[in-house]
1. When you check residue 191 against the structure, is it of a type in the set (S, T, N, Q), modelled with pLDDT of 95 or more and surrounded by 21 or more Cβ atoms within 10 Å (Cβ to Cβ), yes or no?
2. Which of the following residues is in the same structural domain as residue 247 (by TED's automatic domain parsing) and at pLDDT below 95: 159, 141, 166?
3. Do you know which residues across region 57-74 are more than 19 Å from residue 19 (Cβ to Cβ), touching a residue at least 24 places away in the same chain (Cβ under 8 Å) and either surrounded by fewer than 22 Cβ atoms within 10 Å (Cβ to Cβ) or not assigned by TED's automatic domain parsing to the domain that holds residue 97 (or both)?
4. Kindly indicate whether residue 228 is among the β-branched types (Val, Ile, Thr), in contact with a helix residue (DSSP H, G or I) (Cβ under 9 Å, 6 or more places away or on another chain), more than 27 Å from residue 96 (Cβ to Cβ) and surrounded by fewer than 18 Cβ atoms within 10 Å (Cβ to Cβ).
5. Return the pair list, or none, for Cβ contacts closer than 6 Å from residues in region 181-193 that are closer than 27 Å to residue 251 by Cα to residues that are among the charged types (D, E, K, R) and not in a strand (DSSP E or B), at least 6 apart or on different chains.
6. Checking residue 138 against (1) under 20 Å from residue 246 (Cα atoms); (2) surrounded by 14 or more Cβ atoms within 10 Å (Cβ to Cβ); (3) out of contact with any helix residue (DSSP H, G or I) (no Cβ under 7 Å at 6 or more places or on another chain); (4) of a type outside the set (Ser, Thr, Tyr): exactly one of these is not met. Which one?
Amino acid sequence: MGIKDWFGGDKKKAEFREEAKKLATGPLTPKTAAQLEKLREDHGIEDAGDDKTVLRREIYNTAAKDAQARGKLSAGEAAELAKIQKFLALRDDQVDRTKQNLSKLRVLTEIRQGRIPVVPKENAALRQVQFQPGEIAHYAVQVEMLDRPTTSGRDGVAVKWGKPYVANSAKVQGMPLDGARSQGEGYLILTNQRLIFKSGMKPAAAIAYSPQAEIHLYAEGLRLQRTVGNTLLVFKSQSEDTAEIVGELLAALMRDR
């Protein structure tokens, strides 16, 4: 391969990347992956994977942004993104953060459509937890537990019995983390009957859903108001959709059934 081939190839790849990003910016359709393939052929690119990972990742992330901006991801869109990932020859670990966010967005979309997830019984988060008859775990997320005497006026979004969750309302609520004392890490588990916190081999603590339950939601986690003081459960996940999932799930579970 001569110098002209190198420079010519780079120019073709650059043009392909720019047009691919423009295409990926639009809405995801069942034809998006096929349109990317046609672009590859039109620009004479032998292998779309023959490029720097960061550039291929940029095209994939651009395609994912449309769904993330709309706050929902359909099964068809998820399938199309999988095709785009395969077309760009990107391994899962190369787009891990985006795939995690998309996975949470897919769960959120399902919940909003009335399909409540179920945590597999073999999930590590459920080990050593004593469930009540008929109790089903619907969601589990790693959290850090903190203790804080007051909220300093940062009360969060109150999760009320029988009331719907207002989409995105928790995203603007910041937790009162300054001065809070760490009490360890564990799992927050939402079941059809209770909110459970499990830490290591210690007995799980739980709050039964009821009109009297004092639960408040923030972008970073939950606050459980006690008779004296507050327990803060801070999500270890950095995805902003975690709070949305918890808010929508609690609204679906905290009601008469």
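1. So residue 191 passes the test.
2. Going through 159, 141, 166 in turn, just one is in the same structural domain as residue 247 (by TED's automatic domain parsing) and at pLDDT below 95: 166.
3. 68, 71, 72, 74 - these are the residues of region 57-74 that are more than 19 Å from residue 19 (Cβ to Cβ), touching a residue at least 24 places away in the same chain (Cβ under 8 Å) and either surrounded by fewer than 22 Cβ atoms within 10 Å (Cβ to Cβ) or not assigned by TED's automatic domain parsing to the domain that holds residue 97 (or both).
4. no
5. 191/135; 193/135
6. Result: residue 138 passes all but (3).
The values are calculated or read from the model by the stated rules, or taken from the named source; none is laboratory data. Predicted, not measured: the structure shown is a model, and the values here were computed from it. With ideal geometry, Cβ positions are generated from the backbone for all residues, glycine too; neighbour counts draw on all protein chains shown.
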